[in-house]
Amino acid sequence: MKIILLLLLCVPAFSSRAEERGEFDIVKFGATPNDASDDTQAIIATLQACSEKGGGTVVVPAGTFIVSRQGREDPIIALPSNITLRGEGAASILKFSEKANTSNFWRMLGAPKEGCRNVTIRDLHLDGSNTFPAYEKGKTPEQNHGIFLSAPDGVIENITIRNLLVENFCGDCIAVGRGCRSITVRDVAVRNFIRQGIQMGGDENARDYLVTGCRDLEHSIEPGGSTIHVEHARGLRNVIITGNHCRRSILAGGVTNLLLADNIVEGRIEGNGNINAIVRGNSVTGKDGAKIHLLRFGYANGLILKDNIIASATEGQDGIYVWGTSSYNPAPSQQVIITGNVLRIKGQPILLNGVKGGLVRDNLAEGSDPATMVKLQRSVGIELQTPPPAKP
């Protein structure tokens, strides 16, 4: 009995010492793991206490903690500046209540309206509790996201998201948008997203995004979108997407200064309206059934497609397609270099349609006649590799 009493008397001291070190445990603020109770307010209180001390680390121990929308707040849990939200790996679970399947605009973690700076989210498992097997128009709450970073009237800066498992969200697992700059998403696994795995947008103030080492795991539902998706860029600049494994596609458009490098993609890589884009060293494998171009870029202004391997055994799947000058946008793609690519496909290896100024050379297309490897439509100023002379 004396030993038990002594331990109980020591708990506040241990807690106080942890907080003095800048560590705040959500359990000490009332969160209870592995039960049906709502832990949202306890998590918010822990973050507030940490922020009031000038920042530090909020610890999510092993266990499942329930998060639910309390009213019309967006996001549900707003992260203050100068904090790290840290778990103990995949065993530390923040999970939506089942009510998330009947209500929209649940965003689990995000920034306050004024924005935030110097935040790290790491070593956690986020679960959106989705029960929809596929997208159902008008029924699926597609605005329910795991991490949602957007501050149209503020700044979200120096944010690191790493070593997470994010799954079962009706919307995006991770969404980065307006007001964001210096965002790093590293070593994140996503699974069972109805909309996008990692979604990036922005505005004229958004810049400097890095996505690397990420992957989507085997899905048990039908995802509706891409593993990595850039849209609604609105002036976004300086985006690096490198070293990821995507069971879905990568779509990236509207970016100034874009690097797509060394990704493994089971689907396609596509982008429209990029300025100064380099697409290099990717391995792209087409999926059965869809008649698509596996590497497709439109309205590009400065584009290098170099040293990619593009493979498909499906009839009708083409290799590289660069296009511009359409009925709704008269601008051509321009200043395009396509070199050093290996194309192992059954469709057209390279097609340029509405391109002004470019260089195509030193590409290899399995089983293709060099004279017909490149097809030009409505394109001018294209320098082509001269095919070798026919043998006598």
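Read-outs throughout are calculated quantities, based only on the coordinates presented, and are distinct from any laboratory measurement. Remember, it's a predicted structure, so these values are computed and weren't measured experimentally. Here the Cβ positions follow ideal geometry from the backbone for every residue, glycine too, while neighbour counts run over all protein chains shown.
Assorted remarks:
- Segment 284-392, relative contact order [Cα under 8 Å, separation at least 6], %: 24 percent
- Set of lysines with alpha-carbon distance to Lys306 below 24 Å, sequence-local pairs under 8 removed: Lys287, Lys291, Lys346, Lys356, Lys375
- For segment 150-197, the fraction of alpha-carbon pairs lying more than 16 Å apart is 46 percent, rounded to a whole number.
- Label-reachable residues, segment 252-272, where backbone N falls under 19 Å from a point 7 Å from Glu204's Cα toward its Cβ: 254-257
- Here the chain is treated with +1 on each Lys and Arg Cβ and -1 on each Asp and Glu Cβ, and its dipole about the Cα centre works out to around 660 debye.
- Segment 309-366 shape via C-alpha gyration tensor axes, a/c threshold 1.5: oblate
- Computed over the chain, relative contact order equals 7 percent, with contacts defined as Cα pairs under 8 Å that lie 6+ residues apart.
- Under the shape rule built on the C-alpha gyration tensor, where the axes satisfy a ≥ b ≥ c, the chain is prolate, since a/c reaches at least 1.5 and a/b is greater than b/c.
- Net charge contributed by nearby residues that have their C-beta within less than 12 Å of Asn238 (K/R +1, D/E -1): +2
- Rounded to the nearest 10 degrees, the angle from helix 40-52 to the longest Cα principal axis of the chain is 90 degrees.
- The calculated FRET efficiency for the pair Asp262 and Lys287, based on their C-beta separation and a Förster distance of 22 Å, comes to about 0.60.
- Rel. contact order, % - alpha carbon contacts under 8 angstrom, at least six apart, segment 324-364: 50 percent
- Computed log₁₀ I(q)/I(0) - Debye formula, equal Cα scatterers, no solvent, segment 162-243, q 0.26 Å⁻¹: -1.22
- Between Thr184 and Arg378, the contour length at 0.36 nm per residue exceeds the alpha carbon distance by 65.8 nm.
- Each Lys or Arg adds one and each Asp or Glu takes one away; over the other residues whose Cβ falls under 12 Å from the Cβ of Pro133, this sums to -1.
- FRET efficiency for Gln41 and His245, using Cβ-Cβ distance with R0 set to 30 Å, rounded to 0.05: 0.20
- Residue among Leu236, Ala62, Gly225 farthest towards the positive dipole end of the chain, charges placed on Cβ: Leu236
- Residue order, fewest to most beta carbons within 10 Å, for Asp39, Asp208, Asp362: Asp362, Asp208, Asp39
- Segment 244-366: proportion of alpha-carbon pairs further apart than 18 angstrom, %: 46 percent
- Taking a sphere under 11 Å around the Cβ of Glu157 and counting the other residues whose Cβ falls inside, with K and R at +1 and D and E at -1, yields a net charge of +2.
- Proximal aspartates and glutamates to Lys28, defined as alpha-carbon separation beneath 18 angstrom and excluding residues fewer than eight positions away on the same chain: Glu19, Glu20, Asp38, Asp39, Glu52, Glu88
- The modelled label-to-label distance between Glu52 and Glu136, using points 7 Å beyond Cα along the C-beta direction, is 4.4 nm.
- Inter-part distance, segment 284-345 to segment 29-58, computed on C-alpha centroids, equals 48 Å.
- Gyration tensor (alpha-carbon) shape descriptor, segment 189-321, a/c threshold 1.5: oblate
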